[in-house]
Amino acid sequence: GGGVAIVAGFANGDARLFLSSGGGLIGDMSRFPGVDRTARALVETGQHMVAAIPLEGGNELPEQDMVRFALLTPGGVHAITAPGPEVTSPGSPLYPLFVAANDLLTELRGVEEQTRGVSGQ
């Protein structure tokens, strides 16, 4: 629907979710075992792929139907933007990164639902 989701995973197992609709999650997400595991897996996948992703200075959001991966490293930000349908195809070189990010998004959405259920009671 034209919205943007920013999913961030960190080496310590922490994670963030920001939605252009105004929702999201911040805080100590690593206390949730699924988030901790998938955030670490995303970082590990990125570490294996970082050499193939160019350094980039910008931080613009992707256009509709596009996916942007940004890997934060001590040497700078490695980023690449590609069409969503391409990235979600198992034949794409970016597919492993997409799968790892999507797994983290799924875990974060689960935490969001859990938290909403607890705060709504």
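The values are calculated or read from the model by the stated rules, or taken from the named source; none is laboratory data. The structure presented is a predicted model; accordingly, all values stated were derived computationally and were not measured. Neighbour counts run over all protein chains shown; Cβ positions are idealised from the backbone, glycine included. Calculation scope for accessible area: heavy atoms of the full protein, side chains included, ligands and nucleic acids excluded. Shrake-Rupley method; radii C 1.70, N 1.55, O 1.52, S 1.80 Å.
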Compute the length gained on full extension between residue 113 and residue 55: take 0.36 nm times their separation in residues and subtract their Cα-Cα distance, giving the result in nm to one decimal. 17.3 nm
Send over a whole-number figure in Å² for the accessible area per residue of the chain, probe 1.4 Å. 61
Cα gyration tensor shape for the chain, rounded if a/c is under 1.5, else prolate or oblate: prolate
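With a ≥ b ≥ c taken as the square roots of the eigenvalues of the C-alpha gyration tensor of region 1-61, please select rounded if a/c is under 1.5 and otherwise prolate if a/b is larger than b/c or oblate if it is not? Provide the component values of the computation, followed by the final result.
Working: a/c = 2.35, a/b = 1.03, b/c = 2.28.
Oblate, since a/c reaches 1.5 and b/c is not below a/b.
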Could you calculate the FRET efficiency of residue 31 with residue 4 from 1/(1 + (r/R0)^6), where r is the beta carbon distance between them and R0 is 22 Å, rounded to 0.05? 0.25
Relative contact order (percent, whole number), region 19-121, Cα cutoff 8 Å, 6+ residue spacing: 28
Row for region 28-82, column shape: gyration tensor on C-alpha, a ≥ b ≥ c, rounded if a/c < 1.5 i.e. under 1.5, prolate if a/b over b/c, else oblate; value prolate
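I need the calculated FRET efficiency for the pair residue 102 and residue 12, taking r as the beta carbon distance and R₀ as 22 Å, to the nearest 0.05.
Working: r = 21 Å, r/R0 = 0.94.
Working from the Cβ atoms, E equals 0.60.
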For the chain, with all protein chains present and a 1.4 Å probe, just round the carbon and sulfur fraction of the accessible area to a whole percent. 56
